[in-house]
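**Student:** Below is a structure I'd like to ask you about.
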Amino acid sequence: MFGIGGVEFVALCLIAILLVGPKQLPVVARELAIWIKKIRKFRDHWSDEIRKDPSIQELRREVNKVEQDLSEPVREFKSSFEQETRKWETALQEETIELSSEAEEPTDGYTKTEIYTKTEAAKLEGAESDLPEPSKTEALDDLLEEATQLETNSRGSKDKKS
């Protein structure tokens, strides 16, 4: 009833025996039970009175009306929010696919995605990046083109040595 376990109940009984004495304990327990019964009866009576009170019933009706009035706008907001979220998710997925398709074979050890990621990480840390700025697409494309030419040249020179 009160969330009392076995050990707590035994401790309470021992304290009651020490305070009241073993002879008076049954009398005190009966009195305590009578008072608990009266308190419950009082609580139930006033609980019923409050439920039956016309002003309380009117307040409940008003609360229910406000709840119903607000439920439709909340539902509409939730729906529009979910639609916007789906649009953003779709756009993000498309951008991810586009970025991953743009990520070419590594040149000089870095792909476009790695260059972008490392540059952004350096910006967040406040450090200067030794990688090119991804927003400067022309410079990036030139760098990738030069790297591809260097790679092709280095392959050609390796083939000639073999």
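Bear in mind these aren't lab numbers, they're just calculated from the coordinates by the rules spelled out. These numbers were taken from a predicted model, which means no experiment stands behind them.
**Student:** Roughly what % of Cα-Cα distances in segment 1-89 sit above 19 Å, to the whole percent? Mind dumping the intermediate values first?
**Tutor:** Values: 2780 of 3916 pairs.
Roughly 71 percent, rounded to a whole number.
**Student:** Let me ask something else. Quick one: what are the phi-derived ³J(HN,Hα) couplings along segment 6-13, Karplus 6.51/-1.76/1.60 with θ = phi - 60°, whole Hz, x for glycine and proline?
**Tutor:** In residue order, the calculated couplings are x, 5, 5, 5, 5, 4, 5, 4 Hz.
**Student:** Starting at the first residue of segment 50-55, write each ³J(HN,Hα) from the Karplus equation 6.51 cos²θ - 1.76 cosθ + 1.60 with θ = phi - 60°, in whole Hz, x for Gly and Pro.
**Tutor:** Residue by residue, segment 50-55 yields 5, 5, 7, 4, x, 5 Hz.
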